[in-house]
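Each value in this text was obtained by applying a stated rule to the coordinates, not by laboratory testing. Being a predicted model, the structure only gives us computed values, none of them experimental. All Cβ positions, even for glycine, are placed from backbone atoms using ideal geometry, and neighbour counts span all protein chains on display.
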Amino acid sequence: NTSTPLLSVRDLQVRYGPALALSGVSFDVPAKGALAVLGANGAGKSTLARALSGLVPASTGRITFAGRDIASASPDAIRRSGLVHLPEGRGVFPGLTVHENLRMALIAAGAERADAIDRAFAIFPVLGDRRRQRAGTLSGGEQQMLSLARALMITPRLAIADELSLGLAPRLVDVVFESLERARAAGVAIIMIEQFAHRALEFADRCLVLQRGSVAWEGAASAAGDEVLRHYLGEA
Ligand code: ATP
């Protein structure tokens, strides 16, 4: 059924002990859609990402992904069903080369395809140049590229890009956005949590603004103008 959203979140509530981090959060992401999630510091963006990927439990509410209820599924089961949280929790293998790290990711996913590594090098030329270098000797930014390449080369159905550009040099921020554009073109739906609101809005087709754990605004990304950003994020 093509009208069923890939991800459907209904009345999601997350608590940290007595503190309510999310409440009454509902939204959909269609297959191949791109949703920007914006909000001031502490609004609940990372909590939402953690709840969707199974790292914190939902206290109430429903999360349906690809037709299955994942609200109480384990992070591993959620990842295997095609929902990845970037950057991945697990780091790269420092003793293996860049090329070996990419091969390991394919083997682990049971998807060893010869052209996948070449495609990763096309998207991340810096990794191609360093294919024989041990991952542990890459710079921090290069290690982030490697972990992103590993996650995207197995073409998940939905990727949550959680502040991927944080702390990266401008050149690498461009590489991150470019790699997400390519993932999208390959059919991956994206939820983008991003400090650069304007860039996230250019990338996405829908936008959700969180304020103190609730949805304060939702609409087309093109309609989230300066007024919305000023009002909810204190910027623009
Ligand atoms: P930022 O942009 O600053 O990263 P955010 O929108 O991602 O913020 P969250 O990290 O989701 O916000 O935090 C939402 C609220 O939950 C905040 O008030 C935060 O202090 C609180 N919180 C987050 N993690 C925990 C935790 N493990 N225990 C208790 N409270 C937490």
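Structure notes:
- With Cα atoms, 0 to 90° folded angle of helix 170-185 axis to the chain main axis: 80 degrees
- Approximate spin-label separation A220-A19, in nm, with each point projected 7 Å along Cα-to-Cβ: 3.8 nm
- The alpha carbons of region 111-158 stretch over 30, 22, 16 Å along the principal axes, in descending order.
- Stretched out straight at 0.36 nm per residue, the stretch from S139 to S72 would grow longer than its current Cα-Cα span by 20.5 nm.
- Rounded to 5, percent antiparallel among DSSP beta bridges of the chain: 55 percent
- At full extension, A185 and A122 could sit 21.2 nm farther apart than now, given 0.36 nm per residue minus the alpha carbon distance.
- D (Stokes-Einstein, µm²/s), Kirkwood Cα radius, region 1-110, 0.692 mPa s at 37 °C: 211 µm²/s
- Enclosing the Cα atoms of the chain in their convex hull gives a volume equal to 126 cubic angstrom per residue.
- Gaussian network model of the chain, springs between alpha carbon atoms under 10 Å - residue of S222, S46, S214 with greatest fluctuation: S222
- The P(r) of region 45-140 has a tail past 20 Å containing 49 percent of all C-alpha pairs.
- Multiplying the residue separation of E163 and D11 by 0.36 nm and subtracting their alpha-carbon distance yields 52.3 nm.
- Packing here is the average count of other Cβ atoms within 10 Å per residue, and on that basis the peptides 223-231, 107-115, 157-165, highest first, run 157-165, 223-231, 107-115.
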